[in-house]
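Trainee: Please see the structure below; I have some questions.
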Amino acid sequence: MKHLEHEDIEKEETLDDIEFQNFIDSNPTGLAIIPENYRDTSTLVSQPDSGDFAKWIRINNPNFKVDQRRSDKRLVLRSSDYWLPLVFLATDITLPIYLNLVSSYLFDKSKGLLKGETARVHLEVMFKDAKNGTNKKFSFVGDSETLIKIIKKIDINKLTDK
Amino acid sequence: MKFETAVLDQFVELKPFVLDALNYLNNGQIESALDVLKPQKNSIQAFKRDLLKKDEKVLNELYVLNAFIDFLIKYFHIWELIKKNKCADSWVALQHAINLFRFLKRHDVTKSLSFFENQLIELERLYPYNVFFSMGAIVEHFECSICGKDIDTTDCNHIKGELYYGEMAIAIGKNITQIDHISIVSNPADKCCVVKYEDDAEQFKLIRFLSELLSSQHCKPLDFGKLKFSKKIIQNPNYKKIGRNAECFCGSGKKFKMCCIESEIIESDHVDIIATPTDVNAVIIY
């Protein structure tokens, strides 16, 4: 498992890695929204904007299959940031496509912002690098403008070769 | 304004009342401004009641028009509270007005209201708040205010914050199972969660100065424009000329010559409130 931002750092296998491998092994399509353990909670919790994001994808991009895993509880964070869920991507959705999806979601949600304000987003996504077959995790916290810059910077050939 | 149904006529009929209210505000008669505007909400209700056909677009536009009046009322409240030196309450009124303005902006009706957007942004800068309190909690689910179902699932067809037949879909948190933390953040969902200072606190010096300008008619509410932040060289008001070897007046315990001897003239933060005469007729572009 490698983080994109720290290509040289090897990570120990986590529960997310095992779950992601199980997801890939099931030959899925589309994307899966994964509830997570949050601090000391004993049950699985959905990130604050999980449900809204899933509904937005279904309405605006009905071609994408969205598997929204059930969670027991919902996390509420009274910050104006957008807290997106951990997402597993099947091989038919590449990372740049997913990040563009997030960017469109943020654009939609930013319509009420005042001049000079920017929307900040927290996201985590796991995907299989088609080129070398490794599983990767991409984490991002920042504003929508930075996200757009990152999308442009990502070496599409490196990440999306099938 | 972007109204496409019969609500547009309602909005046009509202124009003379809005202009009257803005004129009252600018002349310091804020109570009269509110007296003109508040009954207009009843007119909207009457129009809604008399609709023969409950068309969703018409009902949604009526909701937005009603929010526009609510915004103006809240905007007038800000000035009323500032004028009365109720600084802490004026911050809350400002945040309520901004939230209503965000709603109007989201529904694409604020292109003609940019005057207010600029003013609200500048007003916010006069207050001492940069960090806010924000709560983290865990709830069982969020119930949709329209259909009563879990708003985060496909059982519910409504989207949080959108309008349906003149009603906004609101996500109501059900069964808080855990208050997890209170954090200090710079970008909260609710900027009203702040340390509350007394109205006469040093932190509200700029608001009280604006209040003075309003009371003395040196600045009318609609003339309040930009703020210009700068540094100014001033005489240090705390400076005391004492013997070089005496203990410094600042309380550091050091000798004066080793401490504040050079601080007779200091650099101080300075804010200019720039008032620009504003034509009331140009505040809202119809």
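The values are calculated or read from the model by the stated rules, or taken from the named source; none is laboratory data. Just so it is clear, the model here is predicted, and its values are computed rather than measured. Quick reminder, even Gly has a Cβ in these numbers, built from the backbone with ideal geometry, and neighbours come from all protein chains shown. Only protein heavy atoms, including side chains, enter the accessible area calculation; ligands, DNA and RNA are left aside. Shrake-Rupley method; radii C 1.70, N 1.55, O 1.52, S 1.80 Å.
Trainee: Quick check on chain B: helices-only [θ] at 222 nm, where DSSP H runs of length 4 and up contribute -39,500 (n - 2.57) each and the sum goes over total residues. Nearest 500, please.
Mentor: Helix-only estimate at 222 nm: -13000 deg cm²/dmol.
Trainee: How tilted is helix B:114-125 with respect to the longest principal axis of chain B? Cα atoms for both, answer in degrees (0 to 90, nearest 10).
Mentor: So the helix axis and the longest Cα principal axis differ by about 40 degrees.
Trainee: Taking only C-alpha pairs under 8 Å that are 6+ residues apart, what is the relative contact order of region B:180-260 in percent?
Mentor: Reported as a whole number, the value is 11 percent.
Trainee: Next question. Once the Cβ-Cβ distance between A:Asn100 and B:Gln217 is put in as r, and R0 is 51 Å, what FRET efficiency do you end up with, to the nearest 0.05?
Mentor: E(calc), rounded to 0.05, equals 0.40.
Trainee: Check each of the trypsin sites (Lys or Arg not before Pro) in region A:78-136 and keep only those in coil by DSSP with at most 14 other C-beta atoms within 10 angstrom; list them in order.
Mentor: The qualifying sites are A:Lys115, A:Lys131.
Trainee: Can you give the angle from 0 to 90° between the axis of helix B:205-215 and the longest principal axis of chain B, with both taken from C-alpha atoms, to the nearest 10?
Mentor: It is inclined by approximately 70 degrees.
Trainee: Taking region A:2-160, how much of its Cα-Cα pair set, in percent, is spaced more than 25 angstrom apart?
Mentor: 29 percent
Trainee: Could you please state, rounded to a whole Å, how far the C-alpha centre of region B:64-127 is from the C-alpha centre of region B:1-17?
Mentor: The distance from the Cα centre of region B:64-127 to that of region B:1-17 comes to 20 Å.
Trainee: A further question follows. Take the Cβ-Cβ distance between B:Leu8 and B:Ser145 as r, set R0 to 25 Å, and report the resulting FRET efficiency rounded to the nearest 0.05.
Mentor: 0.35
Trainee: Mind checking the angle between helix B:30-49 and chain B's longest principal axis? C-alpha axes, 0 to 90 degrees, to the nearest 10.
Mentor: 20 degrees
Trainee: Need the full-extension length gain, B:Asp155 to B:Tyr129, defined as separation in residues times 0.36 nm minus the C-alpha distance. One decimal, nm.
Mentor: Separation in residues times 0.36 nm, less the Cα-Cα distance, equals 5.3 nm.
Trainee: Loop-only GluC sites (Glu not before Pro) in region A:92-155, please: DSSP not H, G, I, E or B, and at most 16 other Cβ atoms within 10 Å.
Mentor: In loop regions of region A:92-155 (DSSP not H, G, I, E or B), the sparsely surrounded GluC sites (Glu not before Pro) are A:Glu117.
Trainee: Compute the FRET efficiency between B:Phe115 and B:Asn236 as 1/(1 + (r/R0)^6), taking r as their Cβ-Cβ distance and R0 = 35 Å, and round to the nearest 0.05.
Mentor: 0.30
Trainee: May I pose another question? Could you tell me the center-to-center distance, by alpha carbons, between region B:148-207 and region A:12-44 in angstrom?
Mentor: Taking the Cα centre of region A:12-44 as reference, the centre of region B:148-207 is 29 Å away.
Trainee: Further, regarding this structure: Using label points projected 7 Å from each Cα along Cα→Cβ, tell me how many nm separate B:Lys174 and A:Arg69, to one decimal.
Mentor: So the two model labels end up 2.4 nm from each other.
Trainee: Before anything else, pin down the relative contact order of region A:2-160: Cα pairs under 8 Å, at least 6 apart, normalised by residue count, whole percent. Show your work: numbers first, answer last.
Mentor: Working: 249 pairs, mean separation 37.8, N = 159.
This gives 24 percent for region A:2-160.
Trainee: Amide H to amide H under 5 Å from A:Gln68: which residues, 5+ apart in sequence or cross-chain, H placed 1.01 Å off N in plane?
Mentor: Counting only residues 5 or more places away or on other chains, the set is A:Ile33.
Trainee: How about region B:188-219: which GluC sites (Glu not before Pro) there lie in a loop by DSSP and see at most 12 other Cβ atoms within 10 Å?
Mentor: When the GluC sites (Glu not before Pro) of region B:188-219 are filtered for loop state and at most 12 Cβ neighbours within 10 Å, B:Glu198 remain.
Trainee: Something else: Can you give the accessible area of B:Glu267 in Å² (nearest 10), computed on protein heavy atoms with a 1.4 Å probe?
Mentor: 130 Å²
Trainee: Taking every residue in B:164-173, how many Cβ atoms of other protein chains lie within 10 Å of its Cβ, on average?
Mentor: 1
Trainee: Moving on. Using only alpha carbon positions, build the gyration tensor of region B:189-258, then give the equivalent ellipsoid semi-axes as the square roots of 5 times its eigenvalues, largest first, whole angstrom.
Mentor: 38, 19, 12
Trainee: Ok, one more. Give me the distance in nm between label points sitting 7 Å out from Cα along the Cα-to-Cβ direction at A:Ile59 and B:Leu51, one decimal.
Mentor: 1.9 nm
Trainee: Let me ask something else about it. Evaluate peptide B:147-155: per residue, the Cβ atoms of other protein chains within 10 Å of its Cβ; return the mean as an integer.
Mentor: Per residue, the number of nearby Cβ atoms from other chains is 3 on average.
Trainee: How high is the relative contact order of chain B, in percent, with contacts defined as C-alpha pairs under 8 Å that are six or more residues apart?
Mentor: Working: 392 pairs, mean separation 54.4, N = 286.
This gives 19 percent for chain B.
Trainee: Here's another thing I want to ask about it. One-quarter of the Cα convex hull surface for the protein assembly as shown, in nm²?
Mentor: 29.2 nm²
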